[in-house]
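J.: Sharing a structure here in structure tokens format.
Readers should treat all values here as calculations from the given coordinates under stated rules, not as data from a laboratory. None of these values were measured; they are calculated from a predicted model. Backbone-built Cβ (ideal geometry, glycine too); neighbour counts: all protein chains shown.
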């Protein structure tokens, strides 16, 4: 059966024409736009794109903060037969942005005013780009730039001079297997990989995800994650659209920090029923709640802590367990909820039923905190290559620490490193099969063949299933770095460059497991450092010499940062902010290198757990720390 995103949108407009679809705040308050009104805007823009020359199969890019124009822009692309390359506004490095635009064969770019300067900086290197559509009014349009309003005017002219059937023919000709988006994610080298998702990948994952959460047309959400984030794209936008529900976007500030500060205010204004979050945001919300309680004095703090402990005992770690003796706590739980926790929830609009956390793994204590105040935070699991939802906890069933039950229908198995299926309860690589599995990686058949085999997606994540049907995700089967906001990056390219381009570094392993910054374990080339020091009249076995050696290693890492020799080769955020100098190398003998000469990351992380922890302390972050100096003795 044909079910594209165009079909899904048309069906929603038919069923819910007068429901509010979008909420956006540009002035004093959030303004609603109904499904019928969105359709009119999508048709006008889609027709404008056709008039501009966009053809079926063309690749377009969207670089903007989350807003109505982002959602309308993507839908309009589909009506013109195009596919979207959604780009992160965090892409600062011209190399990163440039690679995606060239590799993605982008011919048209939709960009917000605040992001335009990034595109202008590399425009001369993009001869294939025909038009840059600026989503906001500006004073100085340059060559190949055109205003959003002008494209809408083209659309009006097109619709006036062509039959509506002629315009709709393109969108209706799209089939399930046609490409909807190319979402770039980090590969095993410095180059990112373009995850190719079809129209059916999206509509299938919408259907699958709705087997875990029951949403109806009365629901509202506020999207606080970037819309290019696959999780926000599907759960925040398309699931809501399929149900005739309402999608609000965060008010865009003049700076990213201002946008971030708008989130708490916008939550109170929109009064969402659920919010998508990542661990970094969840921790910020928790900190703000605790600060608010402390501001009310010691008595309130004591009451809050007692109430929190009682509600945590009452709810437990799961709604699968029998409440048993805990039921006598119910009157007390109700009392604390009335006098305290309901007031906390008012700061979140008063109607928030739950958060869903994706990206990185949520801390169990964080989940217990939120269930205690009556706003549970449910862990989900997925990845872009699976469009992205694979499993989640939810109101019907949850167990903290797990990633919940699987969407339906989906096939999941746990495999060992040779691809053999393991029995229930054993840990291995998570492998899935379903209509949500990507078509492949854009222009990368080798990576596609390695990741999708016989229709099964090999996720690269480590986990196991329980007899209750719960999935537990335990980390990386492969070597991805995961930041505190859930973004992932493959470290191999940086590691290879550091070793290849520096005679002072023999081996290096980057590490980031949901932390604020990336760290590095460095095995130095002692002989090269000795020779370098001798030129300065220093010896490695002297205090001064060791300090100079650490300084040299610091300089080698700085070459990849702004102003350095290799600036822009890698995103700054993934370069190590702290490093530990090791006294012995990774070898086959100490089992830190395998037979194919690859690092065994799990063993290295275990062996150097204390050093990794130390680098996240104020002392350990300083390069000239005692442990680094001692390692060079």
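J.: Calculate the spin-label point distance for residue 396 paired with residue 591, positioning each point 7 Å from the Cα along the beta-carbon direction, and give it in nanometres.
T.: The two pseudo-label positions are separated by 4.4 nm.
J.: Follow-up. Quick one: order 37, 543 by neighbouring beta-carbon count within 10 Å, fewest to most.
T.: Numbers: 37 16, 543 9.
Ascending number of Cβ neighbours within 10 Å: 543, 37.
J.: Please give the FRET efficiency for residue 169 paired with residue 40, using the beta carbon to beta carbon distance and R0 = 22 Å, rounded to the nearest 0.05.
T.: Given R0 = 22 Å and the Cβ-Cβ separation, E is 0.75.
J.: Taking 7 Å along the Cα-to-C-beta vector as the label spot, tell me the residue 152-residue 139 distance in nanometres, rounded to one decimal.
T.: Those two pseudo-labels are separated by 2.3 nm.
J.: Would you give the gap between the C-alpha center of region 509-551 and the C-alpha center of region 355-402, rounded to a whole Å?
T.: Computed from Cα coordinates, the inter-centre distance equals 41 Å.
J.: Related question: Most exposed first by the Cβ proxy, i.e. fewest other Cβ within 10 Å, how do 411, 145 rank?
T.: 411, 145
J.: Residue 605 to residue 424: extension gain in nm, 0.36 nm per residue of separation minus the Cα-Cα distance?
T.: Values: separation 181, 0.36 × 181 = 65.16 nm, distance 2.66 nm.
Between residue 605 and residue 424, full extension yields 62.5 nm more.
J.: Sticking with this one: Which of the three applies to region 58-100, rounded, prolate or oblate, going by the alpha-carbon gyration tensor with a ≥ b ≥ c and a/c under 1.5 meaning rounded?
T.: oblate
J.: Cut-off is 10 Å between beta-carbons; in what order do 144, 601, 100 appear when sorted fewest neighbours first?
T.: If I rank by nearby Cβ atoms, fewest first, I get 144, 601, 100.
J.: Multiply the residue separation of residue 496 and residue 624 by 0.36 nm, subtract the distance between their alpha-carbon atoms, and state the gained length in nm to one decimal.
T.: On the way: separation 128, 0.36 × 128 = 46.08 nm, distance 2.45 nm.
Residue separation times 0.36 nm, minus the Cα-Cα distance, leaves 43.6 nm.
J.: Also, quick follow-up: Please state the relative contact order of region 564-622 as a whole percent: Cα pairs under 8 Å, 6+ residues apart?
T.: Relative CO of region 564-622 lands at 30 percent.
J.: If I model a spin label as a point 7 Å beyond the Cα along the Cα-Cβ vector, how far apart are those points for residue 334 and residue 542 in nm?
T.: If labels sit at residue 334 and residue 542, their model points lie 7.9 nm apart.
J.: R0 = 56 Å: FRET efficiency of residue 113 with residue 528, Cβ-based, nearest 0.05?
T.: Efficiency, rounded to the nearest 0.05: 0.70.
J.: Run the numbers for residue 121 and residue 416: contour at 0.36 nm per residue of separation, minus the present Cα-Cα distance, in nm. Provide the component values of the computation, followed by the final result.
T.: On the way: separation 295, 0.36 × 295 = 106.20 nm, distance 4.65 nm.
Once the chain is fully extended between residue 121 and residue 416, it gains 101.6 nm.
J.: Is the shape of region 124-220 best called rounded, prolate or oblate, per the rule: a/c under 1.5 gives rounded, else a/b larger than b/c gives prolate, else oblate, with a ≥ b ≥ c the square roots of the Cα gyration tensor eigenvalues? Don't skip to the end; give the middle numbers.
T.: On the way: a/c = 1.85, a/b = 1.23, b/c = 1.50.
In terms of gyration-tensor shape, oblate.
J.: Can you give the % of DSSP beta bridges in the chain that are antiparallel, to the nearest 5?
T.: Values: 47 of 85 bridges.
Antiparallel bridges make up about 55 percent of those DSSP assigns within the chain.
J.: Sum -39500 (n - 2.57) across every DSSP H segment of at least 4 residues in the chain, then divide by the residue count to get the 222 nm mean residue ellipticity, nearest 500.
T.: Theoretical 222 nm ellipticity from helices: -11000 deg cm²/dmol.
J.: What FRET efficiency do you get for residue 449 and residue 342 if R0 is 45 Å and r is their Cβ-Cβ distance, rounded to the nearest 0.05?
T.: On the way: r = 54 Å, r/R0 = 1.21.
After rounding to 0.05, the efficiency reads 0.25.
J.: What does DSSP give for region 491-631 in terms of the percent of beta bridges that are antiparallel, rounded to the nearest 5?
T.: About 65 percent, rounded to the nearest 5.
J.: Relative contact order for the chain: what is it in percent, counting Cα pairs under 8 Å that are at least 6 residues apart?
T.: 11
J.: Could I ask something else about it? Can you list the residues of region 569-585 with backbone N under 11 Å from a point 7 Å past the Cα of residue 102, pointing along Cα to Cβ?
T.: Answer for this model: none.
J.: Just one of (1) 77, 25, 20; (2) 40, 29, 26; (3) 41, 34, 25 is semi-axes √(5λ) of the Cα gyration tensor in Å calculated from these coordinates, so which is it?
T.: For semi-axes √(5λ) of the Cα gyration tensor in Å, the calculated option is (3).
J.: Turning to a different aspect of this structure: Tell me whether region 510-600 comes out rounded, prolate or oblate; compute the Cα gyration tensor, take square roots of the eigenvalues as a ≥ b ≥ c, and use a/c under 1.5 as the rounded threshold.
T.: Cα axes put region 510-600 in the oblate bin.
J.: What's the center-to-center distance, using Cα atoms, between region 103-135 and region 245-289 in Å?
T.: Comparing the Cα centres of region 103-135 and region 245-289, I get a distance of 29 Å.
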